[in-house]
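J.: One structure is given below, represented as C-alpha cells, and several questions about it will come after.
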Amino acid sequence: MTIEMKGLGETLRDLGKIEPDLRKELNREIRNVLKPLVTDINNRIPAEAPLSGMEHQGRTGWGNRKTSVIKIDARRPRRNVNATSTSKPVNIVRIITRSAPVAIVDMAGKAGGTKSKREAKYRRPNFAEELNARLGDASRFMWRDIETNLGPTLAEMEKVVAEVVRQANRELMKVRL
C-alpha cells in the first residue's frame with residue numbers, strides 16, 4: 001500500500017543539511033506516529049509456528065522470527081539520478097518485517113498458485129491453503145485491517161511534517177546572509 005506525501009523526501013534531505021537536530025526530532029515524531037501500526041502488526045504474529053514444518057531454528061524456521069520495524073530513508077534513489085524528484089515517487093518511510101518466516105507466512109498464496117505440479121502420489125497439502133484455513137487470506141499480518149487506522153495516522157503524519165517545516169522555516173529566517 002502506498003501513501004503519497006509530496007515534498008517529504010526533499011524536506012528531510014534539506015533538513016538534514018540545515019538543522020540535523022530538527023531532522024532527528026522529525027524522525028522520532030514519525031516513529032511515534034507509526035508505532036501503533038507496528039504494534040498492531042507485531043501483535044498479529046503468533047508466538048507458535050503456524051504449521052508444524054516451521055518448528056525449527058533455521059533461517060525459515062519460526063524460532064527465527066523477528067518483529068516488524070519502521071525504516072526512514074530520505075536518500076535519493078540510485079536509479080535516474082539526473083531525473084527531477086517529482087518524476088517518480090520514492091519510499092521514505094516503510095514498515096517492514098525483518099524475518100523470512102514472517103514474510104513467507106504473511107504472503108503465501110497472494111499470487112494465487114494453489115495447484116501443485118507434482119504427481120498425485122507425491123503431492124502434499126498446499127502450504128497456502130493450510131495457512132488460509134488457519135490464519136486467513138494472504139497479507140495475514142502486515143496490512144490486514146490497517147486501512148482503519150491509516151486515515152488518522154496519515155492526518156497525524158501531515159501535522160508532524162507541517163510543524164517541522166514551520167520550525168525549519170523559522171530557523172532559516174534567523175540566518176542572515
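The values are calculated or read from the model by the stated rules, or taken from the named source; none is laboratory data. No experiment lies behind these values; they were computed from the predicted model shown. So basically every Cβ, Gly included, is an ideal-geometry build from the backbone, and we count neighbours across all protein chains shown.
J.: Look at residue 19 and say whether it is surrounded by 15 or more Cβ atoms within 10 Å (Cβ to Cβ), modelled with pLDDT of 90 or more, out of contact with any Leu (no Cβ under 6 Å at 6 or more places or on another chain) and closer than 30 Å to residue 173 by Cβ.
T.: Details: surrounded by 15 or more Cβ atoms within 10 Å (Cβ to Cβ): yes; modelled with pLDDT of 90 or more: no; out of contact with any Leu (no Cβ under 6 Å at 6 or more places or on another chain): yes; closer than 30 Å to residue 173 by Cβ: yes.
No.
J.: Just one of 146, 104 is at pLDDT below 85 and within 21 Å of residue 66 (Cα to Cα); which is it?
T.: Going through 146, 104 in turn, just one is at pLDDT below 85 and within 21 Å of residue 66 (Cα to Cα): 146.
J.: Return only the number of the condition from (1) part of a loop (DSSP other than H, G, I, E, B); (2) modelled with pLDDT of 70 or more; (3) among the small types (Gly, Ala, Ser); (4) surrounded by 14 or more Cβ atoms within 10 Å (Cβ to Cβ) that residue 111 does not satisfy.
T.: Looking at each condition in turn, residue 111 falls short on (4).
J.: Confirm whether residue 169 is in contact with a Pro (Cβ under 8 Å, 6 or more places away or on another chain) and modelled with pLDDT under 85.
T.: Here the answer is no, as residue 169 does not meet what is asked.
J.: Within segment 18-55, which residues are within 20 Å of the chain's Cα centre (by Cα) and of a type in the set (S, T, N, Q)?
T.: 27, 32, 39, 42, 43
J.: Mind listing whichever residues of segment 149-166 are at pLDDT below 85 and of a type in the set (S, T, N, Q)?
T.: Within segment 149-166, just 149 meets the criteria.
J.: If the requirement is being hydroxyl-bearing (Ser, Thr, Tyr) and at pLDDT 80 or above, which of these qualifies: 87, 99?
T.: 99
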